[in-house]
Amino acid sequence: MSVLPAHIIRLNGTGLYTLFLAGAGKLFEHQEEINLINVFPVPDADTGTNLASTIRAVIDQLKPDKSFKNTADAMALAALTGARGNSGVIFAQFLYGMSAEAPREQEVSVSSFADSVKKAVNYVYDALSHPVEGTMLTVIREWAEYIHARKEELKDFNEMLSRSLEVARESLKGTTEKLKELSMAQVVDAGAKGFVVFLEGMMEYVTDRNLKKVLKVSRDVVHLDAVHDTSYREINYRYCTEVLLRGENIDKNQVRELADASGDSVVIAGSGQTLRLHVHTNHPDTLVAGLNRYGRIAFQKADDMVRQYEMIHHRKSSVALVTDSTCDLPEVIMDHYQIYQLPIQVEIGGSHYLDRLTIKPEQFYSLMQDKKSAPTTSQVNETAFVQLYSRLLNYYDSVIAVHLSGHFSGTWKNSVQAARKVSNETGRKITVIDSKQISGGMGLGILKMARGLEEGKSHEEVVRLGKRWFSSARLFVGVRDLKYLVRSGRVSPLKGFIGKMLNMKPIITVDPEGKAAQFGKTVSQKGILKMILREIRKIENQGGIEDYVVLQARNPEMTNWFTAEMKKITGRDPVSVVQISPALALHAGVGTVAVALLRK
C-alpha cells in the first residue's frame, strides 16, 4: 500500500481503505471515552465497544481493491455482517448506502463522493423505525449535507476533510441540547462522538502522512478500567438483540413490523438478500421465531443490558461469577446474585439458536418431538469467552467461571484457553472450574459459590469450597422415553430396541469423573422415580441433604407428585422447580423428571 498523494484529487479503493484504517485507529484509542458518555438510548456503556467491533470486523474481512466501488462494496458487506449495537448497525448502513450509490469507477472525485454520501443519509433514515435527532444520525446528515452543498468549491479530499470536520464537531456539540437525556448528563451523543473521532483519524493521516502508523492499527479492541457516573434510567427492554438474516427478496417492511411489535431502538440495515436487524426487546426468542419466516438466520446475539448496567454501576462483589446456560438455575436467582451466563448453541433443522435467549426450553421440547429435525447442541466458543472476560475485568478484580463437565462439552476447554489469554493480557486472575456436573448439580454448586461471594468470602476461598460442593452434588434423571437417548447416541439402536420391547426406563446419573452413567432401571417412569426416592432417603439418613432442585421437561403431573415426595423426605421445599436445559433434555428427552442435590 502506497502513501496517498499530498493532495488527494481523486480517491481509489486502496486510498479509501487507508483512510478507513486511519479512522479506525483513532476510534480504537477513544473507545473507552466513548463508552463512558453512553447514556442514549440506554446507559449500557458499550457504544465505543460496538463501533470498534463493527470497524474491526471490516478490517478483519476486507481485502482492498484498487477500484473505489469494489472496495466500498466489500467494506459495506463486511460492516453489515460484523455490525454490533445500535451505533454499529447505523454506521454499517451508512457504508452500505455509500457503496450502493458510488459510481462504478476506479477513482472518484470529491463531487462524486459528495453525491454518494448525501444519498447514503437516506439509507440511514430508512433503516430506523423512529429516527431521533441529536444523535449520530444528525451528525452524519449535517456532515454529508455540507460536503454536498460545497462539492464544486472543494479542491480536493484534503480540504473536504478539513472543512467538513469542523462542521461535524459543531454538530456534535449541538447534540447535548437536542436530547433531554444528553442535556441531563451534560454529555454529547456517544455514537456521534464515535463518528467524529473516526473523521479526526482520517484527517490526522492526511495531515501527517504517517502510513507506518496507520498500517499498525491494532485489531484488538482496547478496554480501560474506568467508570462513568451516569444517572440510571429504567431499561424497558432488557436484551439488545441483533440478527443477520439472509434470503431472497426479504420483505423489509414485514421484518420492521415484527421488530416494532417486539420492542424499540429498531434499526434494519442492508438489502433484500442480507439484512442486519438491531432491536431492544424483552423476548428475543419470540422475535427470532418470527424472523425464521422471512429468511435464514446466519447470526444472532442477545446482550443483557440490565446485567451490563449492573456490572458498571451496581456490582455486588469484586469477583465476577460466570457459567454457561446448562446450569439450570432460575432467572430470579441468576439476577439476584448477578451471575453471568453464556448460552450454548442449539441447532435444529439448519437454524441456530442461543439457549434460554433466542429459544426457551418449551420451544426446544416442541422441536425435539419433530422426528425430521433432531436437534444438536454445540459448545460456547473461545471468542465469546474472551469478549466476556475482557469486559468483566474492566470492572471486577477477578473472575471465577464454572462449566458443565468436560466429558459432555468442549465449553470448559474453550473457557480455559480464553481465560489464559485474557489473564496474560490483563494480569488479572481468572479461575475456570470443571464442575464434573451438569444441569441442577452444577447449578446448586454455583448457588453456594454465589452465596459465599455475597458473604464476603475471597476468590481463593470460594474456589476451594466450590470444588468440594461440586463433589458433593448428585443428579438423578428419570427418563420416560428411550428414543431420545438412542437419537443422541447415548444408547445404541439395538439396546434401544430391546429396551423398548421390554418397556425399560433407565435412571441416568453423573459419576465422580463427570461422565454419564446408568444408576438403575425399571419398567415405568413412576417406578424409577420411586427408586430415586429410596436413594434420596438413604442420603438423608446418612448425613442429610443441604439443598435440592427438581427438574423436568414438560411433565408437570409427575413433577408435582415427585416434588411433594421430596418435601416429605427432606422436610422443605426445593430451591426451585425448573425446566431442564437442552444439554440434558437433548439426551433424556421430553417427559423427563430429575432431581439434583447437595449432600451435607
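Values quoted throughout were computed directly from the atomic coordinates according to the rules given, and no laboratory measurement underlies them. Being a predicted model, the structure only gives us computed values, none of them experimental. We place every Cβ from the backbone using ideal geometry, glycine too, and count neighbours over all the protein chains shown.
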Relative contact order, percent, the chain [alpha-carbon distance under 8 Å, six or more residues apart]: 11
Restraint check, Lys457/Lys600; Lys360/Lys436; Lys316/Lys600; Lys26/Lys213, Cα-Cα greater than 22 Å: Lys360/Lys436; Lys316/Lys600
Two-decimal Rg to Rh for region 18-107 - Kirkwood Rh, Cα set: 1.02
Computed log₁₀ I(q)/I(0) - Debye formula, equal Cα scatterers, no solvent, the chain, q 0.08, 0.10 Å⁻¹: -0.62, -0.89
Value of D in µm² per second that Stokes-Einstein yields for region 325-388, Kirkwood Rh from Cα pairs, at 37 °C (0.692 mPa s): 254
Overall Cα dimensions of region 10-215 - principal axes, largest extent first, Å: 47, 35, 35
Enclosed volume per residue, in Å³, of the convex hull spanned by Cα atoms of region 521-572: 78
Ranked Tyr146, Tyr125, criterion: other C-beta atoms within 10 Å, fewest first: Tyr125, Tyr146
For region 302-359, the fraction of alpha-carbon pairs in successive 10 Å shells from zero, as %: 20, 51, 22, 6, 0
Relative contact order %, region 10-215, counting alpha carbon pairs below 8 Å whose residues are six or more apart: 27
Radius of gyration, Dmax [region 431-483; alpha carbons; angstrom]: 13.5, 47
Burial ranking of peptide ranges 91-102, 65-76 (average Cβ count within 10 Å, highest at the top): 91-102, 65-76
Trp561, Trp469 arranged by Cβ crowding within 10 Å, fewest neighbours leading: Trp561, Trp469
Degrees between helix 68-82 axis and first principal axis of the chain (Cα, 0 to 90, nearest 10): 30
Gap separating the Cα centres of region 318-380 and region 274-290, nearest whole Å: 16
Euclidean distance between Cα centres, region 542-565 to region 68-104, Å: 53
Degrees between helix 411-426 axis and first principal axis of the chain (Cα, 0 to 90, nearest 10): 50
Trypsin sites (Lys or Arg not before Pro) restricted to region 254-300 and DSSP loop, no more than 16 other C-beta within 10 Å: Arg293
Cα Rg over Rh - region 253-360, Kirkwood: 1.01
Nearby aspartates and glutamates by direct alpha-carbon distance to Lys66 (threshold 15 angstrom, same-chain neighbours under 8 apart not counted): Glu105, Glu107
Neighbour-count order for Asp324, Asp573, fewest beta carbons within 10 angstrom listed first: Asp573, Asp324
Peptides ranked, highest mean first, by Cβ atoms within 10 Å: ranges 585-597, 355-367: 585-597, 355-367
DSSP beta bridge pairing in the chain, given as percent antiparallel to the nearest 5: 75
Whole-number D in µm² s⁻¹ for region 343-471, Kirkwood Cα-pair radius fed into Stokes-Einstein, 4 °C, 1.567 mPa s: 81
